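See structure below.
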Amino acid sequence: MDVPTVAASAVLAESEPMPADAEAVGGYDFNEGVQLDKLLTSFLRTGFQATNFALAVEEVRKMLSWKLSDEPIAEDENEELRDPAVRASTSCTIFLGVTSNLISAGTRETIRYLLQHKKVSCLVTTAGGVEEDLMKCLAPHYMGDFALKGAELRKKGINRIGNLLVPNRNYCLFEDWLTPLLDEMLDEQTRTQRIWSPSQMIAKMGKAIDNEASICYWAHKNDIPIFCPAITDGSIGDMLFFHSFKRPGLIVDLVQDIRGINRMAIDAKHTGMLIFGGGLVKHHICNANLMRNGADYAVFVNTGQEFDGSDSGAKPDEAVSWGKVRADATPVKVYADATLIMPLLVSQTFAQPDPACISIDSGSE
């Protein structure tokens with residue numbers, strides 16, 4: 001009996017030839033031993049989010065390798081930027097964004113490495129990111145479990161962040177440490193009429209903590225601004241609230257910082273966005289790059305989905321529609337937990353002994 005024609009034509013339909021440059025799927029062969037760099041390189045042809053990871057590595061390497069000397073001299077270029085040596089030393093301005101949970105977690109050490117070695121031009125995070133970095137200099141966070149019961153932890157004065165635990169005592173230590181700094185800020189404001197911005201406030205904290213384990217310490221030491229547009233949304237906000245009753249009058253000015261981050265984007269010759277997580281930090285960096293008609297390079301790492309219209313879940317092409325990523329860019333989104341991706345991505349880019357992975361200045365040249 002013959003196979004029914006309809007079934008045969010459906011199952012055995014002819015294929016068009018694949019393009020000459022089509023790549024075959026293939027993974028790492030562990031018969032070669034355990035070699036991390038080769039394993040991660042093989043991700044490019046593995047498929048799914050492994051391939052997106054490898055594309056993100058390529059995109060970050062583009063950020064790191066770009067120099068103004070790669071571009072033709074514009075007719076209106078100023079004289080300083082016509083100098084070949086200056087052009088060769090003018091690099092991409094890289095905006096790093098991280099949500100606070102990534103500083104609560106062990107990825108804090110990866111972020112600290114990037115600021116310690118001046119691998120990025122600025123950091124955008126939330127109040128939680130700032131305070132948890134500083135708190136870890138006063139007392140540790142601990143490993144816990146996602147299944148621990150909130151009511152039981154509340155009785156014990158222990159706060160849960162996913163499968164991490166933070167004793168309430170840590171926040172008390174932070175209040176004791178921060179309150180004298182707020183007094184100093186108010187005293188200086190009263191004496192000199194200085195108005196503090198959030199980034200200046202964070203730099204003061206970084207100087208005061210004087211601890212090489214701290215992200216804020218290295219940001220202060222290397223003059224890398226930490227922008228925190230929601231500085232009051234966390235324990236720092238609680239402390240500012242309490243301080244306003246004890247010693248009213250301290251002013252923290254957000255406008256200085258929106259001018260700072262937007263000016264950084266406008267003045268940059270090329271920009272890259274490397275954003276782990278979503279929400280405020282993602283939008284704040286993207287919106288700054290709108291001021292220059294979009295970033296040249298972009299990597300987003302988060303688990304957000306676009307079906308609910310959230311900025312966190314938006315694909316990079318949505319940012320293109322707003323002018324936040326350039327139309328000719330090759331942005332990448334990796335759908336994954338950033339605690340997995342961040343250390344691996346840094347291992348293949350910023351931490352590599354490669355000429356592309358050099359220290360860069362904050363702001364434009």
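The values are calculated or read from the model by the stated rules, or taken from the named source; none is laboratory data. Source: prediction; values computed, not measured. Ideal geometry is used to build each Cβ from the backbone, glycine not excepted, and the neighbour counts take in all protein chains shown. Areas reflect the complete protein model, heavy atoms only, side chains present, ligands, DNA and RNA absent. Shrake-Rupley method; radii C 1.70, N 1.55, O 1.52, S 1.80 Å.
Out of Glu132, Glu79, Glu152, Glu184, which single residue is acidic (Asp, Glu), without any contact (Cβ under 8 Å) to a residue 60 or more places away in the chain, in contact with a helix residue (DSSP H, G or I) (Cβ under 9 Å, 6 or more places away or on another chain) and exposed (fewer than 13 other Cβ atoms within 10 Å of the Cβ)? Going through Glu132, Glu79, Glu152, Glu184 in turn, just one is acidic (Asp, Glu), without any contact (Cβ under 8 Å) to a residue 60 or more places away in the chain, in contact with a helix residue (DSSP H, G or I) (Cβ under 9 Å, 6 or more places away or on another chain) and exposed (fewer than 13 other Cβ atoms within 10 Å of the Cβ): Glu184.
Look at the range 2-28: where a residue is farther than 23 Å from Thr41 by Cβ and a partner is assigned to a loop (DSSP other than H, G, I, E, B) and not β-branched (Val, Ile, Thr), sitting 6+ places away or on another chain with Cβ atoms under 9 Å, you get Val3/Leu12; Ala8/Asp2. Filter the range 187-223 for residues that are surrounded by 15 or more Cβ atoms within 10 Å (Cβ to Cβ) and of a type in the set (S, T, N, Q); which is nearest to Leu134 (Cα to Cα)? Among residues in the range 187-223 that are surrounded by 15 or more Cβ atoms within 10 Å (Cβ to Cβ) and of a type in the set (S, T, N, Q), the one nearest to Leu134 (Cα to Cα) is Ser214.
Within the range 304-319, being touching a helix residue (DSSP H, G or I) at 6+ places or on another chain (Cβ under 6 Å) and closer than 13 Å to Gly279 by Cβ holds for Asp311, Ser312, Gly313, Ala314. Remark: Arg61 matches the filter, which requires a residue to be open to solvent by 70 Å² or more (accessible area, probe 1.4 Å), farther than 30 Å from His141 by Cβ, in a helix (DSSP H, G or I) and not hydrophobic (A, V, I, L, M, F, W, C).
Scanning the range 298-330 for residues that are under 16 Å from Leu64 (Cβ atoms) and not hydroxyl-bearing (Ser, Thr, Tyr) gives Ala298, Val299, Ala329. Taking the criterion of being surrounded by 14 or more Cβ atoms within 10 Å (Cβ to Cβ) and not hydrophobic (A, V, I, L, M, F, W, C), the residues of the range 41-58 that qualify are Thr41, Ser42, Arg45, Thr46, Gln49, Thr51, Asn52, Glu58.
Inspection of the range 21-38 finds a residue satisfying the criterion of being modelled with pLDDT of 95 or more, hydroxyl-bearing (Ser, Thr, Tyr) and surrounded by 10 or more Cβ atoms within 10 Å (Cβ to Cβ).
Note on the range 128-229: enclosed helices (runs of 4 or more DSSP H) holding 2 or more residues that are closer than 21 Å to Val281 by Cβ are 198-209, 215-221.
In the range 255-352, which helices (runs of 4 or more DSSP H) lie fully inside it and hold 3 or more residues that are surrounded by fewer than 19 Cβ atoms within 10 Å (Cβ to Cβ) and acidic (Asp, Glu)? Walk me through it before giving the result.
Numbers: elements: 279-290, 316-322, 338-347.
Correct list: empty, since no element meets the threshold.
Count of the range 221-243 residues, restricted to those that are touching a Ser or Thr at 6+ places or on another chain (Cβ under 9 Å) and under 19 Å from Val98 (Cα atoms), is 12.
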